[in-house]
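Notes for the one structure printed next.
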Amino acid sequence: MLHPANLLDILRHYILFTTKHNRRIKIVPRYQQFRGVSKAVDRLLHGKTKTQHGSQDQRGGIIWHYQGSGKSLDMVFILRKLRTIPQLQQFKAVIVTDRTDLEEQLQQTATLSGQTLQVATSIKDLAKKLRQTGPGIVFGMVQKFNKINELKEYADIEELNNALNPSENILLLIDEAHRSHSNTLHAYLSKALPNCAKIGFTGTPIISAKKKKTKDIFANDENPYIDIYSIRDSQKDNVTVPIFYEGLETMGAVKGANTLDQLFEVLFQDYTAEQRAAIKSKYVGKKNVLNSKELMKDKARHILRHYVTRIMQGKFKAQVAASDRHACVLYQQYLTAAKDELIQELESNAVILQSLKLESAPPEYRTLVQAYLYLDTIKRLEFAAIISANSKQDPQAWKQWTD
């Protein structure tokens with residue numbers, strides 16, 4: 001980055017300003033941002049279009065930079081470069097993201113290039129803006145398109161199911177490219193913009209064979225990744241603290257299992273062995289086990305005590321990832337109940353716990369001895385469920401947890 005030509009490039013294209021808490025802040029790129037953007041622009045300049053290649057556009061790909069490495073700003077840097085390179089000045093840029101703060105930076109970029117940032121307010125409005133020819137910057141927030149699967153939006157989304165703009169001078173930029181809502185919208189945008197160059201940004205690409213891989217959606221087969229900045233790179237740069245994994249098992253059993261098995265055999269005795277296996281597979285899957293309420297209650301108790309004795313002492317918060325939105329709400333309830341249970345247990349054993357030392361305490365009391373020291377803090381603990389909203393189906397009680 002310190003080469004004279006690179007420094008001049010950075011000064012021209014990579015210096016941004018923002019305001020936070022009434023303070024003017026200057027933003028400069030980190031090396032992986034400069035590297036990734038430079039590679040992306042090089043592909044746009046020298047990669048083959050879909051027509052030239054014959055089957056796939058070779059000008060795009062995936063920028064896989066670990067979480068917190070500034071992928072959203074990469075979009076702004078790319079756009080600023082587009083507007084100063086003669087071969088790329090005629091490109092229309094289409095940005096889809098969930099970052100509200102990105103709109104300000106994009107507005108500044110549009111102003112610098114003498115253009116107006118076109119903010120799509122709905123799917124129908126997005127289709128209208130995509131039809132327009134010539135250069136421009138079209139900005140869409142994922143939150144405004146989160147009703148793609150609702151019936152009233154079906155007619156509008158179908159407008160994107162046709163080739164609205166066949167130009168090759170279009171660059172589609174998708175933030176958080178691994179997310180399902182991005183993938184859904186992308187499928188329609190690919191038809192609406194059949195010859196565009198596509199760049200997807202992600203910190204956690206989907207590589208499992210069970211789901212459509214991120215690189216299959218956003219990249220070409222020959223060279224899918226534009227640039228990679230991994231978690232190991234982030235840790236080496238001291239940007240991310242090391243992540244340690246501790247494997248814990250929960251032993252569960254089905255109550256009345258023998259009776260259930262016998263009843264199943266009676267009810268489905270006329271089915272073949274293959275059909276009975278298929279029924280079991282459909283209705284007794286991983287999600288059913290994960291969402292077993294009694295099992296979730298036990299996990300909540302364990303999570304709370306593990307947090308109190310291992311994490312809370314360092315004044316850290318904690319996060320629990322659940323299988324679905326309903327599970328998130330239930331975990332909030334079960335963790336709150338587990339806290340009340342622990343407080344009651346600590347207070348009812350206060351005399352015993354005050355007389356014990358951790359080193360010599362019996363095994364069954366050690367967790368309580370540790371926790372008792374932080375009883376006042378435990379009483380102040382709060383739990384929140386963070387879930388997305390679905391206004392048609394959500395119970396009223398869920399509204400307090402929707403973003």
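Just give me the residues in the stretch 236-249 being surrounded by 10 or more Cβ atoms within 10 Å (Cβ to Cβ) and within 20 Å of the chain's Cα centre (by Cα), in sequence order. Step through it out loud before you land on a result.
Step one: of the stretch 236-249, the residues surrounded by 10 or more Cβ atoms within 10 Å (Cβ to Cβ) are 236-237, 239-240.
Correct list: V239, T240.
Working carefully through the options R366, R325, find the one that is out of contact with any Phe, Trp or Tyr (no Cβ under 7 Å at 6 or more places or on another chain), over 25 Å from Q400 (Cβ atoms) and of a type in the set (K, R).
After ruling out the rest, the residue left standing is R366.
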Practice item. Tell me which residues, restricted to the stretch 334-384, are under 25 Å from S292 (Cα atoms) and either among the basic types (K, R) or touching a strand residue (DSSP E or B) at 6+ places or on another chain (Cβ under 9 Å) (or both). Key: K339
Check your understanding: So how many residues does the stretch 198-233 have that are out of contact with any His (no Cβ under 9 Å at 6 or more places or on another chain), modelled with pLDDT of 65 or more and either surrounded by 18 or more Cβ atoms within 10 Å (Cβ to Cβ) or within 19 Å of I170 (Cα to Cα) (or both)?
Key -> 3
Exercise for review: Please go through the stretch 1-25 and pick out each residue that is in a loop (DSSP other than H, G, I, E, B), surrounded by fewer than 10 Cβ atoms within 10 Å (Cβ to Cβ) and either under 28 Å from the mean Cα position of the chain (by Cα) or among the small types (G, A, S) (or both).
Suggested key: H21
Check your understanding: If E176 passes every condition in (1) at pLDDT below 90; (2) surrounded by fewer than 17 Cβ atoms within 10 Å (Cβ to Cβ) but one, which one does it miss?
Key -> (2)
Review point. Pairs under 6 Å by beta carbon, first residue closer than 17 Å to R83 by Cβ in the stretch 1-28, partner surrounded by 10 or more Cβ atoms within 10 Å (Cβ to Cβ) and of a type in the set (D, E, K, R), six or more apart or different chains?
Key: H13/R80; H13/K81
Point to revise | Scan of the stretch 372-394 for residues that are assigned to a loop (DSSP other than H, G, I, E, B), modelled with pLDDT of 85 or more and more than 19 Å from A350 (Cβ to Cβ), ordered by number | key: E382, F383, A384, A385, I386
Study note, to complete from the structure: Contact list, first residue from the stretch 375-389 and touching a residue at least 12 places away in the same chain (Cβ under 8 Å), second anywhere and assigned to a loop (DSSP other than H, G, I, E, B) and among the charged types (D, E, K, R), beta-carbon distance below 8 Å, six or more apart or interchain, is I386/D403; I387/D403; S388/D403; A389/D403
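Pull up the stretch 313-339, narrow it to residues that are in a loop (DSSP other than H, G, I, E, B) and not charged (D, E, K, R), then point me to the one that is surrounded by the fewest Cβ atoms within 10 Å (Cβ to Cβ).
Q319
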Review point. Of the conditions (1) surrounded by fewer than 18 Cβ atoms within 10 Å (Cβ to Cβ); (2) at pLDDT 90 or above; (3) under 20 Å from V138 (Cβ atoms); (4) not β-branched (V, I, T), Q108 fails just one. Which one is it?
Key: (2)
Review point. Within the stretch 340-377, restricting attention to residues that are touching a helix residue (DSSP H, G or I) at 6+ places or on another chain (Cβ under 6 Å) and under 25 Å from A321 (Cβ atoms), which residue is surrounded by the fewest Cβ atoms within 10 Å (Cβ to Cβ)?
Key: T367
Exercise for review: Can you confirm whether the stretch 63-75 contains a residue that is without any contact (Cβ under 8 Å) to a residue 12 or more places away in the chain, in the same structural domain as G203 (by TED's automatic domain parsing) and not β-branched (V, I, T)?
Suggested key: no
Review point. Restricted to the stretch 26-72, and to residues that are among the β-branched types (V, I, T) and in contact with a Gly (Cβ under 7 Å, 6 or more places away or on another chain), which residue is surrounded by the most Cβ atoms within 10 Å (Cβ to Cβ)?
Key: I63
Check your understanding: Does the stretch 136-159 contain any residue that is modelled with pLDDT of 75 or more, in contact with a Lys or Arg (Cβ under 8 Å, 6 or more places away or on another chain) and assigned to a loop (DSSP other than H, G, I, E, B)?
Key -> no
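The values are calculated or read from the model by the stated rules, or taken from the named source; none is laboratory data. What you see is a predicted model, and the numbers here were worked out from it, not measured in a lab. We place every Cβ from the backbone using ideal geometry, glycine too, and count neighbours over all the protein chains shown.
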